């Protein structure tokens, strides 16, 4: 089967922060997991490079918009690499391949009768690049997201007949209740749709930095339609000489933050329907990572640099912490103290210490050779259907819940060490068979949880699997690999942190 997952494309008028990394890591966890299951995976991320905020930022710096987005794209590529993302393509909306395909889709929407010329008057947020309905305006005519004053705009533009899709969208979400997750986000989308959809600007006449309309050289496409189409256009040119559209479209999951729900859950499927294209299968809308009470935002300035976090804790620790500390789909508070606590108690102690102790005992008591023994029935029962449970949760993009299922077994293995006390068994030849059973169970349990943790902890899992003489990443059940192979001791996977000077 094919599996296509996307992040939002990140806007190129600021530097990457942990909020961008959060979406990227979530999509990467799903992509890695699905590859383990043998799925045909395509994972897309990239940068959104047109629109008024970029033109204004470039003007303030005294450079061209293209120079600005070239620099920004490299910064986001760097961030994607630092969090160990395995994306198959990095799209830029200034790519000629994207622009050509965007224009083709928009021409189809116009040909189908969903585009007309008109005048827009209303509130506009330059940072959102969004025309606001009255219900979306904050106190004092401000943007509730960016907390800045809105401007009153009047433009002659080309319009998209969004209103024509009110009933189709409402019906689609009623008939497909799992299409937007979590469910309360689906309810938000339905509420917006039921409040009455108004036609929206498809183009801007006051801008030059954008995708030109082929039938009106004085207008460029409204940035949101240009940006949203990236999920579709990328498949047409991501691999030279090959069109992947029929293989991967529609997308399995769009991963995005709640501030862009309206564009993805309302504008996006309507625009696809207008172009005779299938809407995406599912969207998962995650919450904000909060520092104090505020969303992390380049606009508000309260940014935690993921590069600094990775430099001190490593990418695996960042990936683990974000999905352990914050319930995926909800807002959640994060802190440096929270990182350190999870790192020490869970990564270093629960998992890292389990790995070190298990391998050390096999080396000490059995010269590194995993005993050939039947697993303990009680331990086998605890692991029963674990991979299936994790797969079922990740099918629903329940990333944190799946991690909790795995961690329950990490802690179970630690309790098993204390209950069985291999160091006591090793003192008596009469307990040799029981020691073999315990050591086999520990190694086998460690192998199974490490495979399941691979999407979350790709670097440390690779180190541990190598020490376990296990090269394949395919998911496997407890007790399926017989003993008789040799394991090696390893340095601590998560060394104790030294206090910074």
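Full extension of the segment from residue 392 to residue 148, taken as 0.36 nm per residue of separation minus the current Cα-Cα distance, would add 83.6 nm.
With the cut-off at under 14 Å, measuring from each backbone N in segment 426-468 to a point 7 Å along the Cα-to-Cβ line of residue 486 picks out 467-468. Angle, helix 386-395 long axis vs. longest principal axis of the chain, Cα atoms, 0 to 90°, nearest 10? With both axes taken from Cα atoms, the answer is about 10 degrees. Please list, in order, the residues from segment 211-243 whose amide nitrogen is less than 15 Å from a point placed 7 Å along the Cα→Cβ vector of residue 100. Residues 233-243 qualify, since their backbone N sits under 15 Å from the label point. Relative protection proxy for 334-340, 354-360, from highest mean packing down: 354-360, 334-340 (other beta-carbon atoms within 10 angstrom).
The distance between label points at residue 474 and residue 369 comes to 2.7 nm (points 7 Å beyond Cα on the Cα→Cβ vector).
If the chain linking residue 496 and residue 61 were pulled fully straight, counting 0.36 nm for each residue of separation and taking away their Cα-Cα distance, it would gain 152.3 nm. Note on the chain: helix-only mean residue ellipticity at 222 nm, from DSSP H runs of 4+ residues weighted -39500 (n - 2.57) and normalised by residue number, equals -13500 deg cm²/dmol.
Applying 1/(1 + (r/R0)^6) with R0 = 41 Å to the Cβ-Cβ distance of residue 164 and residue 333 gives a FRET efficiency near 0.45.
Note: relative contact order over segment 160-291, using C-alpha pairs below 8 Å and six or more positions apart, is 27 percent.
Antiparallel beta bridges, as assigned by DSSP with both residues in segment 1-150, represent about 30 percent of the total such bridges. Each peptide among 267-280, 369-382 gets the average number of other Cβ atoms lying within 10 Å of its residues, and from highest to lowest they stand as 267-280, 369-382. Of the residues 420, 460, the one with the fewest other Cβ atoms within 10 Å heads the list, and the complete ranking is 420, 460. Working from Cα positions, state the angle (0 to 90°, nearest 10) between the long axis of helix 166-175 and the longest principal axis of the chain. That helix lies at roughly 20 degrees to the long axis. Which of rounded, prolate, oblate describes segment 73-231, given a ≥ b ≥ c as roots of the alpha-carbon gyration tensor eigenvalues and a/c under 1.5 marking rounded, otherwise prolate only if a/b is larger than b/c? Rounded shape, in that the Cα axes give a/c under 1.5. The gain in end-to-end length when the residue 15 to residue 175 segment is fully stretched comes to 53.6 nm, 0.36 nm per residue minus the alpha carbon separation. From largest to smallest, the equivalent ellipsoid semi-axes obtained for segment 387-434 from the alpha-carbon gyration tensor read 35, 10, 4 Å. This structure gives Rg/Rh (Cα atoms, Kirkwood Rh), computed directly, and of [x] 1.04; [y] 0.94; [z] 0.99 that value is listed as [x]. For Cα pairs less than 8 Å apart in space and 6+ apart in sequence, what is the mean separation divided by the residue count of the chain, i.e. the relative contact order in percent? Computed over the chain, the figure is 16 percent. Restricting the count to DSSP beta bridges whose residues both fall in segment 2-310, what percent are antiparallel, rounded to a multiple of 5? That works out to approximately 55 percent antiparallel.
Using the Cβ-Cβ distance between residue 214 and residue 423 with R0 = 60 Å, the FRET efficiency computed as 1/(1 + (r/R0)^6) comes to roughly 0.20. Projected label points at residue 108 and residue 2, each 7 Å from Cα along the beta carbon direction, are separated by 1.4 nanometres.
Between 0 and 90 degrees, the angle of helix 65-82 with respect to the longest Cα principal axis of the chain falls at about 20 degrees.
Each value in this text was obtained by applying a stated rule to the coordinates, not by laboratory testing. None of the values given here were measured: they were computed from a predicted structure. Every residue, glycine among them, receives a Cβ derived from its backbone with ideal geometry; neighbour counts consider all protein chains shown.
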